[in-house]
1. Mind checking the per residue accessible area of the stretch 158-216 for me, 1.4 Å probe, whole number of Å²?
2. Could you tell me the accessible area of Asp65 in Å² (1.4 Å probe, neighbours in place), rounded to the nearest ten?
3. Assuming 0.36 nm per residue, please report the length gained on full extension of the stretch Gln24 to Asp50 beyond their Cα-Cα distance.
4. Between beta-carbons, use under 12 Å as the cut-off and find the net charge around Ala208, counting Lys and Arg +1, Asp and Glu -1.
5. Taking a 1.4 Å probe, which of Ser118, Ser125 shows the most accessible area, and what order do the others take after it?
6. I want to check the label-to-label distance for Trp196 and Tyr158. Put each point 7 Å from Cα in the C-beta direction and report it in nm to one decimal.
7. Sorted by accessible area with a 1.4 angstrom probe, largest first, how do Ile122, Ile210, Ile28 fall?
8. Return the sequence-ordered ³J(HN,Hα) values of the stretch 204-210 in whole Hz as given by the Karplus equation 6.51 cos²θ - 1.76 cosθ + 1.60 applied to θ = phi - 60°, using x for Gly and Pro.
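The values are calculated or read from the model by the stated rules, or taken from the named source; none is laboratory data. What you are looking at is a predicted structure, and each value in this text was computed from that prediction instead of being measured. Virtual Cβ from ideal backbone geometry, glycine too; neighbours counted across all protein chains shown. Side chains included, ligands, DNA and RNA excluded: accessible areas come from the protein's heavy atoms. Shrake-Rupley method; radii C 1.70, N 1.55, O 1.52, S 1.80 Å.
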Amino acid sequence: MKKPSNKKAPKTPVHAIKPPLVRQVRIIGGAWKRTPLAVLDSEGLRPTPDRVRETLFNWLTHLLDGNWSAVRCLDLFAGTGALGFEAASRGALEVTMIEHNTPAARQLEVTKTKLDASQVRILRSDAATWLSKVSAQAGTEAVADSARFDLIFLDPPYQQGWLEKVLPQCQGLLAEHGLLYLESEFALQEDALPPWLAGWQLLRADKAGIVFYHLLKRQGHSG
């Protein structure tokens, strides 16, 4: 009868254990086209899909007459930075990114350094808190012009009531002919907009999978 072996099973070398794959999205146009952006495994982090960004930026380029060099952007729930870096890649004058999640904010800084994106400013802050502070400043004539944005990206985590909280404050930060992008888990209809969208006009809307995306402007302003 064969005696049982006392030898231990060989350990798997540490270097042979592959780390989990990091999800990525890519910038789809402009100077940094095809540059990958890391997608961290974080609750609520949901980068805007490539197909949606392609359609959105076709809309924007048409409405802006391709004049990205004069556009000041606010990416209010920046996440991976897919929207903000896409705008910067196309030549946006300034892009301000607001992100509350610390690891995500650090990754945005890494990407900014990698791209040498000097026109991008990254601020770690809760969106509602930051909006309250800046909206108050924008109410004074001395800083009104410099505090307003030509384009606001609003892509918050779903099911948390963020749109109702921040939409009213966005009006005061948008330039006279500015545009606002809104992504949500539900569709908006021009003839049945919810009360928190009072004062806004729906310009474009579409759907990709479970993502509903919209482009709006303030009522009473030609775009």
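1. 46
2. For Asp65, the solvent-accessible surface is approximately 140 Å².
3. The span from Gln24 to Asp50 would gain 8.3 nm if fully extended.
4. For residues surrounding Ala208, the net value is -1.
5. Result, largest first: Ser118, Ser125.
6. Result: 1.6 nm between the two label points.
7. If we order Ile122, Ile210, Ile28 from most to least accessible, we get Ile210, Ile28, Ile122.
8. Whole-Hz 3J(HN,Hα) from phi for the stretch 204-210: 9, 7, 7, 9, 9, x, 9.
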